[in-house]
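Structure first, commentary second.
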Amino acid sequence: MTTTLDRIQLVDFCADHLPAAVRLSQQAGWPHRAQDWALTLSQSTGVAALHEGEVVGTALVSDFGDVAALNMIIVDEGLRGRRLGRRLMDAAIARAGAREMRLIATLDGLPLYEKLGFKATGDVAQLQGMVQAPLSADGVKTDGYDLDRLIAMDRAASGLERSDLLKRISEQGQVLFTDQGFAILRDFGRGKVLGPIVAQNLETARSLLAAAAQAENGSFLRIDTPVPELGAFAQELGLDPVGGGICMVLHPHDATFGKTFQTYGLVSQALG
C-alpha cells in the first residue's frame, strides 16, 4: 500500500468498522470472528485509522474501572514500520487518561510498548487443540451460580471492574463453578475458549479446566493462562502451546488484588 501518514485520519471506532477490522485481524493471523470483535467493542471505545475510507489500523481501550485494557492494536501489513502504530497507541493512551493501563504484547509490538513506558509483568501462554476429557472433574457445578459472587471473585483476582462483561459472557456461554472459583466456557474463534478462570488455588483451577474438557471432549478448546502449572495440565488434556504474549503495564496502581483469588485464565488476550 502506497500512502503517507498525513493522509491517514484517525476517527472514533464504531460498529460500521467491524467488517474491515475482522479483515485486519485475519491478515494478522488472529482467529477473531465478527462476534468476538463485537464483544470487545461492547466494553470499549477506540480509534480506526482510515485511508481513503478504508480501515488500515485499529486500537481499542476497554474500560474496567480504575484500569484500562488497551487491545486490538493492528496496523495493515502494507503500512507497518511507518509509525502508524505509534499514532494509534498515542490515541489509545490519551483515551485511557490517568488510569492504570494493561495490554498483552506480541514480540513485534514489544519495542514500541517499551518506548512508551510499558513494563513487562509476566507472560501468558496460549494453548489450544482437540481436548481430551480426564478421568474425573469432581465438585464442579453448572447450575445455580450467583453472578454477583462471580463478579466479586473476578474483582478480587484481577482488580478489574468487569460486571457488564461477565454478565454478557455468562449469558452467552456456560458457567462452571465451585465455592473456590469459577470459569466460563463460550464460543470464540475456531471453537470454544475457557476464560476467565478464577480460583483460590491451582487445584480448583485444574478442576474447572477438567470439567470444561469433559464438556467439550474431542472438540476444539483454547485457554490463555499466565500460570505455567495450569498450562502443563492443559497439555496433559491434549492442548498444545501455540504462542502467547507478554503482560505489560503503564502507570500501575498499588496492587490490592490477587490475594484471595487469582486469575488462572484470561477472558481473552484483549480483555484480560
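The values are calculated or read from the model by the stated rules, or taken from the named source; none is laboratory data. Everything numeric here is computed off the predicted structure, so don't read it as measured data. Note that each Cβ is placed from the backbone with ideal geometry, even for glycine, and that neighbours are counted across all protein chains shown.
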Of all residues being modelled with pLDDT of 95 or more and more than 18 Å from the chain's Cα centre (by Cα) in region 253-272, which is farthest from L194 (Cα to Cα)? Just the residue, please. T260
Return the pairs, sorted by first residue and then second, in which the second residue is exposed (fewer than 12 other Cβ atoms within 10 Å of the Cβ), the first residue lies in region 136-155 and is within 14 Å of V175 (Cβ to Cβ), the beta carbons are less than 9 Å apart, and the residues are 6+ apart or on different chains. M153/T260
Say whether the condition of being crowded, with 17+ Cβ neighbours inside 10 Å, of a type in the set (K, R) and in a strand (DSSP E or B) is met by at least one residue in region 180-188. yes
Out of curiosity, is L208 within 16 Å of the chain's Cα centre (by Cα), crowded, with 22+ Cβ neighbours inside 10 Å and outside any strand (DSSP E or B)? no
Of the residues L88, L79, L50, which is in contact (Cβ under 8 Å) with a residue 40 or more places away in the chain and closer than 29 Å to P252 by Cα? L88
Among the residues of region 88-101, is there at least one that is surrounded by 15 or more Cβ atoms within 10 Å (Cβ to Cβ), touching a helix residue (DSSP H, G or I) at 6+ places or on another chain (Cβ under 6 Å) and outside the structural domain of A205 (by TED's automatic domain parsing)? no
Could you list all residues from region 105-138 that are more than 21 Å from the chain's Cα centre (by Cα), surrounded by 13 or more Cβ atoms within 10 Å (Cβ to Cβ) and of a type outside the set (A, V, I, L, M, F, W, C)? Q132, P134
For region 234-243, name all the residues that are modelled with pLDDT of 95 or more and surrounded by fewer than 22 Cβ atoms within 10 Å (Cβ to Cβ). Q235, E236, G238, D240, P241, V242
Tell me which residues, restricted to region 137-174, are under 22 Å from F257 (Cα atoms) and not in a helix (DSSP H, G or I). D146, G159, L160, E161, R162
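Looking at A21, A105, A68, A28 in this structure, which one is without any contact (Cβ under 8 Å) to a residue 60 or more places away in the chain, small (G, A, S) and farther than 21 Å from D187 by Cα? Can you show your working first?
Values: A21 fails: farther than 21 Å from D187 by Cα; A105 fails: without any contact (Cβ under 8 Å) to a residue 60 or more places away in the chain; A28 fails: farther than 21 Å from D187 by Cα.
None of the other options fit; the residue is A68.
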Which listed residue is of a type in the set (F, W, Y), more than 22 Å from V193 (Cβ to Cβ) and at pLDDT 95 or above, from F118, F177: F118
Kindly check whether there is at least one residue in region 176-199 that is among the small types (G, A, S), touching a residue at least 60 places away in the same chain (Cβ under 8 Å) and over 29 Å from S42 (Cα atoms). no
